[in-house]
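The values are calculated or read from the model by the stated rules, or taken from the named source; none is laboratory data. Note that the structure is a prediction, hence the values are computed from the model and not measured. Here Cβ is always computed from backbone atoms with ideal geometry, including for glycine, and neighbour counts include all displayed protein chains. Keep in mind that these areas ignore ligands, DNA and RNA; they rest on the heavy atoms of the full protein, side chains included. Shrake-Rupley method; radii C 1.70, N 1.55, O 1.52, S 1.80 Å.
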Amino acid sequence: MSALEKARRARLARLLNHEDARRAAARALPRGIREYIEGGAEDEVTLRRNAKAFRDIAFRPRMATWVDRPDLTTTVLGTRIALPVLTAPCGGMRLVHPDGDIGLATAASRAGSIHVASSAAGFTLEQIAEVQGPQWFQVYRFSSRSTMEHLVHRAQAAGYSALVATVDTAVSGYRERDFKNGFSYSMRVNARNAVKLAPQLVRRPAWLARYVLDGLPFEIPNTAQITADGKPMMLTEMTKGGAGSHSPTWTDVDWLRANWRGPLVVKGLLTAEDARRAVDAGADAVIVSNHGGRQLDGAPATLHVLPRIVEAVGDTAEVLMDSGIRRGSDVLKALSLGAKAVLVGRLPTWGLAAGGTAGVERVLELLRSEMVRTMRLMGCRSVSELDPSWLGEDTIPLHSNKKEVKVR
Ligand SMILES: Cc1cc2nc3c(=O)[nH]c(=O)nc-3n(C[C@H](O)[C@H](O)[C@H](O)COP(=O)(O)O)c2cc1C
């Protein structure tokens with residue numbers, strides 16, 4: 001191992017939790033990219049709600065127990081995974097670090113889990129599929145059925161084991177931080193935005209050097225084969241002018257079910273009615289998600305709506321969830337409320353910024369070790385034992401309600 005690599009590993013070993021990872025990412029990235037990751041839509045009410053929902057739930061531990069090695073393994077859509085945490089589809093990852101989506105997929109595979117490759121990845125879906133291990137492909141509609149169809153046929157040929165239709169992105173959420181920073185991961189640098197960007201970029205010379213050496217990747221390579229001139233589209237080009245939903249609609253979901261050979265997952269649902277509708281359309285799993293608070297501001301915390309969706313779906317489909325997971329204990333709370341597994345978006349992205357593939361491995365290892373310690377403290381032998389009986393009635397929301405009553 002080179003001295004440089006040793007120093008990098010030592011630096012990553014000093015990241016002890018999600019907050020350390022977030023701060024390391026902030027030190028590594030220009031402001032526009034840092035805030036592109038961290039930010040949410042509009043007033044970021046849903047973004048904050050996600051985090052609060054996890055904090056507000058208490059465990060009901062079983063004391064005087066000894067659990068030697070808690071079992072974290074589970075299955076999702078028939079695939080055995082060693083960690084019930086998938087890396088969520090995230091666009092623009094090659095701006096974060098040249099390892100980008102390949103780094104996320106590699107780290108997920110090394111952790112014994114699954115990466116969900118984004119339609120808006122920085123590498124082509126074929127390049128990402130070359131990483132060893134099971135992977136799912138997330139599909140956007142990109143305003144037209146033919147664009148979606150094209151991606152689906154390619155994903156099938158590339159060997160992805162499941163297709164994830166993200167349905168909460170009819171249009172992009174209004175992420176005001178991106179506008180203020182002059183940043184969008186689908187833009188071209190021009191004289192106007194360069195003035196805004198330059199001061200951010202010169203403050204991060206290491207990032208800038210890596211980005212230049214990586215060939216200034218700003219586009220969405222998956223779209224290269226769709227345009228007549230063979231050039232990748234910009235996301236803004238694909239969504240402008242109300243040309244149609246950016247996400248698959250229910251009619252598209254029917255098409256996906258009829259044309260995708262393999263498990264179909266619908267991501268971005270928040271109500272029992274929509275979850276049942278997805279199952280009726282032939283979905284094998286649903287992902288309860290508010291896109292990490294990046295789309296509809298005012299949407300509920302996913303943890304709050306999860307139990308109703310689990311109840312509505314029953315054993316007709318698997319239920320996964322994401323949005324706001326930062327700790328191993330958060331994963332355990334979601335699993336206790338019926339999620340089969342969870343996805344993490346920002347957390348691995350911060351790891352990626354902090355140290356490329358090794359940084360993602362570090363944050364996944366943190367999650368794993370937090371889960372193990374928490375389960376030992378709870379007296380829980382296996383994630384398969386988790387159910388609502390592991391969570392307390394005496395939660396912070398009840399206390400804060402009482403406080404509100406007292407104040408009045
Ligand atoms: C930077 C970034 C880019 C994202 N891009 C996509 C995407 O291309 N497709 C998608 O379905 N979801 C996308 N998401 C949403 C994630 O898949 C996931 O739902 C969300 O990040 C979960 O919340 P968390 O970040 O709090 O873990 C993105 C999220 C982030 C943070």
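For region 99-149, enumerate the residues that are part of a helix (DSSP H, G or I) and polar (S, T, N, Q).
Thr106, Ser109, Gln127, Ser146, Thr147
Report the residue count in region 298-332 for those that are open to solvent by 30 Å² or more (accessible area, probe 1.4 Å), more than 9 Å from the ligand (Cβ to nearest atom) and assigned to a loop (DSSP other than H, G, I, E, B).
The total comes to 6.
Looking at region 68-76, is at least one residue open to solvent by less than 30 Å² (accessible area, probe 1.4 Å) and near the ligand (Cβ under 10 Å from one of its atoms)?
no
So which residues in region 335-362 are more than 11 Å from the ligand (Cβ to nearest atom), open to solvent by less than 20 Å² (accessible area, probe 1.4 Å) and part of a helix (DSSP H, G or I)?
Correct list: Leu335, Ser336, Gly351, Ala354, Gly355, Gly356, Ala358, Gly359, Val360.
Return the residues of region 269-291 that are open to solvent by 10 Å² or more (accessible area, probe 1.4 Å) and within 14 Å of the ligand (Cβ to nearest atom); say none if nothing qualifies.
Result: Leu270, His291.
The conditions are (1) in contact with a Gly (Cβ under 7 Å, 6 or more places away or on another chain); (2) open to solvent by less than 30 Å² (accessible area, probe 1.4 Å); (3) of a type outside the set (A, V, I, L, M, F, W, C); (4) modelled with pLDDT of 90 or more, and Ser161 fails exactly one of them. Which is it?
(2)
Taking the residues in region 6-22 that are touching a Leu at 6+ places or on another chain (Cβ under 8 Å) and not polar (S, T, N, Q) as candidates, determine which candidate is nearest to the ligand (Cβ to nearest atom).
His18
Would you be able to tell me the number of residues in region 23-51 that are open to solvent by 90 Å² or more (accessible area, probe 1.4 Å) and within 15 Å of the ligand (Cβ to nearest atom)?
Count: 3.
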